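Please read the structure below before turning to the comments.
The values are calculated or read from the model by the stated rules, or taken from the named source; none is laboratory data. Quick caveat: nothing in here was measured; it's all calculated off a predicted structure. Note that we place each Cβ from the backbone using ideal geometry, even for glycine, and neighbour counts take in every protein chain shown. Quick note on the areas: whole protein, heavy atoms, side chains included, nothing else; ligands and nucleic acids left out. Shrake-Rupley method; radii C 1.70, N 1.55, O 1.52, S 1.80 Å.
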Amino acid sequence: MAYQTPITIKEAIDRIRKKQYVLPSIQREFVWDTDQIETLFDSLMRDYPISTFLFWQVDKGKIKDFQFYEFLNHYHQKKRTHNEKADLGSDESVIALLDGQQRLTSLYIALTGSYAKKAPYYSWDSENGFPVKRLYLNLLKPSDELEAEYDFKFLTEEEFDEKKDGSFWFRCGDVLAFDEPSKVSDYLVDNDLLNTAIYSKEESKFANNTLNLFANVVHQKGTISYYLEKGEELDKVLQIFIRINSGGTKLSYSDLLLSIATAQWEERDAREVIHEFVDEINGLGDGFNFNKDIVLKACLVLSDFDVKFMVDNFTKENMAVIEQNWDKISSAMRSAIQLIAKFGYSRDNLRATNTVIPIAYYIYKNGFGDKILHSGSREADRLAIKEWLARVLLKGTFGGQPDSIYPKMRDLINENTGEFPLRQIIEYYKGRRKSIAFSEDDIDNLLDQKYGHAITFSTLSLLYPGLNKSFKYHQDHIHPKSLFKKKLLKKEGMSDEKIDKYLARVNELANLQLMQETQNIEKSAKPFADWLSDTYPGKADQDSFLLQNHITAEMPLDFDRFNKFYKLRRALLRKKLAKLLRAGGSQQT
């Protein structure tokens, strides 16, 4: 990036008119008000710095890949706030403005166009509520404003006529024609501004100095100081854009990519569609925390494109494919999220939201739609997906930079059409950094998981494969936490050593189960043995409940023998998890 020789305002205006200067789709819309534009021109006249601009030279070979926009010159708050798409050829490079859009658009509006905003006391629907104004400069006297020296004003034609007394309003756009000093003199003479029989000596002198200065600012002075980025690394350009715009509303990389997608979709507004979709999927089940980044990444993955968040992957061609397939892509994403919601996952326990993408890809590629949710023929796939999800969440597979995972997942899914390739995934990653195989040590670590942690739900979900998906389940203490109070335990005459063990073990996996929400509320703080006999008076029902929750006959249920219960249940859970996860060579039967 190199600092360039400054150019004049007139040169900048000419280049905008010739579409040599354009706006990239990452730019936000014009938002300056008339008073800001008036202040900008006063600053120019007073030789105040207006900050450096940043331009990006776009090679002619890259122009067709992205959408660019023309500068706005006739702003209308109701009818014309959007920039028109620029129809560019591919025979010449163009300059895209990265920093300075508000300033350069203000110059363009003031010198070549108009500004219309809603007038006070008019309704939004009023035909007369948006008077069209242009920028004028009073040539007879300075501004009455304390912070301004030159009197620039946006006026309607009617206001221009009314303000003639004691003022001479020069339409600022006319200065573009004053490319020679003689034309300034001609204008002053033709309008009797140097005639001291009409105007005072001070007024004539002020008019002469002001108009000459204004013409010099526009035609002679190198007002537009700028840096030019010539690199073809488009992602570098976006990083520059993010950095220079970080002082205002924080922009993310995906904000810019979404802007590019919005610009290049033909039939729909990508920003609106994707934001609405994010709101929809976050409302599924008990609610999730998906964001636009996940949706944009899913678009790349499901479309079999390069999965990296790079500008080169958001070309017109790629965006056309995504737009064309959006209904199928969004349907697969929706079904994947509904499925994991049925597994019991939500914003509270889905540690990595990007895990939904491979599931969506599997649904998308096999054309399952919502059959994955209900069809009896897909039950084995649902169980495989549930286990895969638990494995990757427990292993933290999708933490950090998971982009390397998506291509291989796509390969494995495409190589095993019709079934979710859990076995093949485990085998491929065995011994690799992203392995989802479990060792004996891994199982011990799972047993140390604590109540309330998101990851703990994943382990419990493996231990409870047959839960009724129509109900909501909570993590629950088998022996209620309210009983594990040091004062209460001391009253029971327990030794300090035994108390320490009780307190250390209360929140660990061996004292946890999954329980229906309503049952969990009813269970509350009752001692477990009492709750069990009250809730299930019959022995057969008690035995069924205990079996479902991995509690065997040799495990004592009374609170006084909690440590024995803990040791026996921990050993049982260890054995079951080792079998489920095929740890240490154990095979599932």
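A single member of K365, K371 is among the basic types (K, R), in contact with a Lys or Arg (Cβ under 9 Å, 6 or more places away or on another chain) and without any contact (Cβ under 8 Å) to a residue 24 or more places away in the chain, and it is K371.
Do you know which of the residues in the range 57-93 that are among the polar types (S, T, N, Q) and in contact with a strand residue (DSSP E or B) (Cβ under 9 Å, 6 or more places away or on another chain) is surrounded by the most Cβ atoms within 10 Å (Cβ to Cβ)?
Out of the qualifying residues, it is Q67.
Go through the range 1-51 and give me each residue that's farther than 15 Å from I224 by Cα and either assigned to a helix (DSSP H, G or I) or hydroxyl-bearing (S, T, Y) (or both). Answer for the range 1-51, where residues must be farther than 15 Å from I224 by Cα and either assigned to a helix (DSSP H, G or I) or hydroxyl-bearing (S, T, Y) (or both): R17, S25, T34, D35, Q36, I37, E38, T39, D42.
Could you tell me which residue of the range 397-435 is modelled with the lowest pLDDT, considering only residues that are exposed (fewer than 15 other Cβ atoms within 10 Å of the Cβ) and among the small types (G, A, S)?
Of all residues in the range 397-435, those exposed (fewer than 15 other Cβ atoms within 10 Å of the Cβ) come to 399-401, 404, 407, 411, 414-415, 417-418, 423, 427, 430-433.
In the following step, the residues that additionally are among the small types (G, A, S) were identified as 399-400, 404, 418, 431.
Working: G399: 85, G400: 78, S404: 92, G418: 91, G431: 88.
Residue satisfying both the conditions and the ranking: G400.
Inside the range 450-561, counting only helices (runs of 4 or more DSSP H) that do not spill past its ends, which hold 1 or more residues that are hydroxyl-bearing (S, T, Y) and under 22 Å from Y345 (Cα atoms)? Give the steps one after another, and end with the answer.
Working: elements: 454-463, 486-491, 496-505, 517-523, 528-535, 539-548.
Counting at least 1 such residues, we get 454-463, 517-523.
When the residues of the range 250-280 are filtered to those that are among the hydroxyl-bearing types (S, T, Y) and assigned to a helix (DSSP H, G or I), the one that is modelled with the lowest pLDDT is Y253.
Do we have P6 as without any contact (Cβ under 8 Å) to a residue 12 or more places away in the chain and either basic (K, R) or open to solvent by 20 Å² or more (accessible area, probe 1.4 Å) (or both) here? Outline the logic, then answer.
Details: without any contact (Cβ under 8 Å) to a residue 12 or more places away in the chain: no; either basic (K, R) or open to solvent by 20 Å² or more (accessible area, probe 1.4 Å) (or both): yes.
So P6 fails the test.
Counted as qualifying within the range 91-199 are the strands (runs of 3 or more DSSP E) with 1 or more residues that are of a type in the set (F, W, Y), namely 114-116, 132-138, 152-155, 169-171. Take the conditions (1) out of contact with any strand residue (DSSP E or B) (no Cβ under 6 Å at 6 or more places or on another chain); (2) touching a residue at least 24 places away in the same chain (Cβ under 8 Å); (3) surrounded by 13 or more Cβ atoms within 10 Å (Cβ to Cβ); G166 misses just one of them, which is (3).
Close Cβ contacts (under 8 Å, 6 or more residues apart or on different chains) running from residues in the range 286-308 that are open to solvent by 50 Å² or more (accessible area, probe 1.4 Å) to residues that are assigned to a loop (DSSP other than H, G, I, E, B) and among the acidic types (D, E) comprise D286/D348. Which residue pairs have Cβ atoms under 7 Å apart, sit 6 or more places apart or on different chains, and have a first residue in the range 402-428 that is over 14 Å from D304 (Cβ atoms) and a second that is among the basic types (K, R) and at pLDDT below 95? If the second residue must be among the basic types (K, R) and at pLDDT below 95, the pairs left are D403/K308; I405/K434. Give the residues of the range 316-351 that are assigned to a loop (DSSP other than H, G, I, E, B) and open to solvent by less than 20 Å² (accessible area, probe 1.4 Å), sorted by residue number. The answer is F343, Y345, S346, N349, L350. Which of the residues belonging to the range 370-385 are open to solvent by 20 Å² or more (accessible area, probe 1.4 Å) and under 28 Å from the mean Cα position of the chain (by Cα)? If the condition is that a residue be open to solvent by 20 Å² or more (accessible area, probe 1.4 Å) and under 28 Å from the mean Cα position of the chain (by Cα), then D370 is the only one that fits.
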